[in-house]
1. For the chain, what does the accessible surface come to per residue with a 1.4 Å probe? Please give it in Å².
2. With N residues in the chain, what two-decimal value do you get for its Cα radius of gyration over 2.2 N^0.38 Å?
3. Out of Lys70, Lys17, Lys57, any idea which swings most in a Gaussian network model of the chain, alpha carbons joined below 10 Å?
4. Enumerate lysine pairs in the chain that are 8 or more residues apart or on different chains, then count those whose Cα atoms are under 27 Å apart.
5. Please give the length that would be gained between Leu80 and Asp63 if that part of the chain were fully extended, namely 0.36 nm times their separation in residues minus their C-alpha to C-alpha distance (nm, one decimal).
6. Which Cα, out of His21, Val54, Thr34, lies furthest along the positive dipole direction of the chain (beta carbon charges, K/R +1, D/E -1)?
7. Considering only protein heavy atoms and a probe of 1.4 Å, how much of the accessible area of the chain is carbon and sulfur, as a whole percent?
8. So which residue, out of Val88, Val54, Val44, gets the largest mean-square fluctuation from a GNM of the chain using Cα contacts under 10 Å as springs?
Amino acid sequence: THALQVTDGSEHALRRKKCTHEMAEMPQDLNDMTKIMTQNIQDVLGRGERLESVVNKATRLRDDSSKYAKNAKYLNTQALLRKYGPIVAVLTLVCGMLWWRFR
């Protein structure tokens, strides 16, 4: 029974030594976890800033495309007037002269 008690005593000492070692490593593990979490938070904030930048660019693009569409419509109208305006003016003048002559 004495040998059994020695074995139990050495197991208890090994467990105590292991526990002490693990407790000594805890502050370092906590520091490591704190650094990792801090980096994760900074990464998330960085993504948020990048998302905000993308949203701003998308808004500007939408506004600019709206302006482009309005300008394109205006230019198309001007081109039609330049192309067909003189023909319509001449036809209107001829019809007016014919109406005046034969009234």
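The values are calculated or read from the model by the stated rules, or taken from the named source; none is laboratory data. None of these values were measured; they are calculated from a predicted model. Please note: Cβ atoms are built from the backbone with ideal geometry, for glycine as well, and neighbour counts cover all protein chains shown. Each accessible area value is taken on the protein alone, full model and side chains, heavy atoms only, with ligands, DNA and RNA left out. Shrake-Rupley method; radii C 1.70, N 1.55, O 1.52, S 1.80 Å.
1. Accessible area per residue, the chain: 98 Å².
2. Scaled against compact globular proteins, the figure is 3.38.
3. Of Lys70, Lys17, Lys57, the Gaussian network model singles out Lys17 as fluctuating most.
4. 7
5. 3.5 nm
6. Farthest towards the positive pole: Val54.
7. 65 percent
8. Result: Val88 has the largest fluctuation of those listed.
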